[in-house]
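I have placed the structure first, in the form of structure tokens, so that the comments after it can refer back to it.
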Amino acid sequence: MTTNPRVPFSLSSQRAPIAPPPGGGLIVHIVVNIESWRFDHPMPRKLLPAPHGAEAVPDVPNFAWAEYGMRCGMPRLFESLSRRALPVTCAFNAGVIDNYPTLAQAVLDAGWEVMGHGLHQKALTAEDGEAALIGEAIAKIAAFTGKPVAGWLGPGLRQSSETLDILAAAGVRYCCDWLLDDLPFWMRTASGPMIGIPYSLEINDSVIYAVEKHSSREIFERLETTIATFAPEIAAGQPRILTIGMHPHLIGAPHRFFWFERMLDLLVERDDASFMTGSQIADWFETAGDPAEKAEVAS
């Protein structure tokens, strides 16, 4: 296989113009990842390495690092986003429903859109029975929220060659795993076209802080310079998706949360920012997008 089997290639400059949403062409997608890290398993990511490299389970310091986000980071996020009345898409491990029931209920009370993010925080490609796991996660979330699960962000953004087909067959409408454009796009699946909504690994606290280990201010500077690059492209007539990917144990740390609130203030003060959930972006794209792009993946 020499090219992308799911998404036909197109230079972004050659895509047909898309009319922006009513709020403006800077489409802001706030995504909060709420994850279930299992105490009796190796941690998905580590802040503190084990002395002499002698890893052990339970991994108390790294489990507690993640659980701090659930206890202290999430209340900060709920309050800050609610005070500004901003819509949020929540990438949600279904295991949170049983392991953190009061937090799960708070997500419902906040009115956040819940998209699937696996059962626990472990890549689908590391699990046996991918279809069964996806089905269990989707069914559990749908039963809890009382709504169909419209979107999906895979744990670690990992997929097998069958993942999109499994998701489409389960009724998932959009997937955020493919970070290959600044606009939504159509993807081929065995059940027909699916919308790809770009997530971000550039304005993402996991990459910036846990992987690249930058200073607290880095995420704010990336937002400013991203907007500066997008501005002339938007003015030329093509909207842009600006996704902010967050994890409560990272962005919820006090020294980083200060910069997160500055990010929100910068965006709220703009007159061209459309704050939208994943489903709202999918609705807009399905209506405003080029029908020829959809037809190409349907053929």
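The values are calculated or read from the model by the stated rules, or taken from the named source; none is laboratory data. Because the structure is predicted, anything quoted here is derived from the model rather than measured. Backbone-built Cβ (ideal geometry, glycine too); neighbour counts: all protein chains shown.
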Flag for Ala169 being more than 15 Å from Gly116 (Cα to Cα) and either in contact with a Gly (Cβ under 7 Å, 6 or more places away or on another chain) or surrounded by fewer than 17 Cβ atoms within 10 Å (Cβ to Cβ) (or both): no
Every residue from the stretch 63-84 that is in contact (Cβ under 8 Å) with a residue 24 or more places away in the chain and under 18 Å from Ser206 (Cα atoms): Phe63, Trp65, Ala66, Glu67, Tyr68, Gly69, Met70, Cys72, Gly73, Met74, Arg76, Leu77
Matching residues, the stretch 254-299, being over 24 Å from Ala231 (Cβ atoms), of a type outside the set (Val, Ile, Thr) and free of Cβ contacts under 8 Å to residues at least 60 places away in the same chain: Pro254, His255, Arg256, Phe258, Asp283, Pro291, Ala295, Ser299
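Every residue, every condition in (1) within 25 Å of Met276 (Cα to Cα); (2) surrounded by 15 or more Cβ atoms within 10 Å (Cβ to Cβ), yes or no:
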residue	(1), (2)
Met115	yes, yes
Gly118	yes, yes
Lys122	no, yes
Asp128	no, no
Ala137	yes, yes
Ala143	yes, no
Lys147	yes, no
Trp152	yes, yes
Residue that is farthest from Arg76 (Cα to Cα) [pool: residues in the stretch 241-281 that are in contact with a Pro (Cβ under 9 Å, 6 or more places away or on another chain) and in a strand (DSSP E or B)]: Ile241
Condition met for Leu179 (farther than 25 Å from Phe63 by Cβ, surrounded by fewer than 19 Cβ atoms within 10 Å (Cβ to Cβ), aliphatic (A, V, I, L, M) and touching a Ser or Thr at 6+ places or on another chain (Cβ under 8 Å)): yes
Qualifying residue in the stretch 204-226 (condition: closer than 30 Å to Pro291 by Cβ and at pLDDT 95 or above): yes
Extreme residue, farthest from Ser80 (Cα to Cα), among residues of the stretch 95-139 that are part of a loop (DSSP other than H, G, I, E, B) and in contact (Cβ under 8 Å) with a residue 40 or more places away in the chain: Lys122
Near pairs, Cβ below 9 angstrom, 6+ apart or cross-chain, from the stretch 210-233 (crowded, with 17+ Cβ neighbours inside 10 Å) to any residue that is in a helix (DSSP H, G or I) and β-branched (Val, Ile, Thr): Glu218/Ile208; Ile219/Ile208; Ile219/Ile251; Arg222/Ile208
Condition met for Cys90 (modelled with pLDDT of 95 or more, assigned to a strand (DSSP E or B) and surrounded by 15 or more Cβ atoms within 10 Å (Cβ to Cβ)): yes
Odd one out for Ala210 among (1) more than 24 Å from Cys176 (Cβ to Cβ); (2) under 17 Å from the mean Cα position of the chain (by Cα): (1)
Criterion (of a type outside the set (A, V, I, L, M, F, W, C), in a loop (DSSP other than H, G, I, E, B) and modelled with pLDDT of 90 or more) met by exactly one of Arg6, Arg38, Arg71, Arg76: Arg6
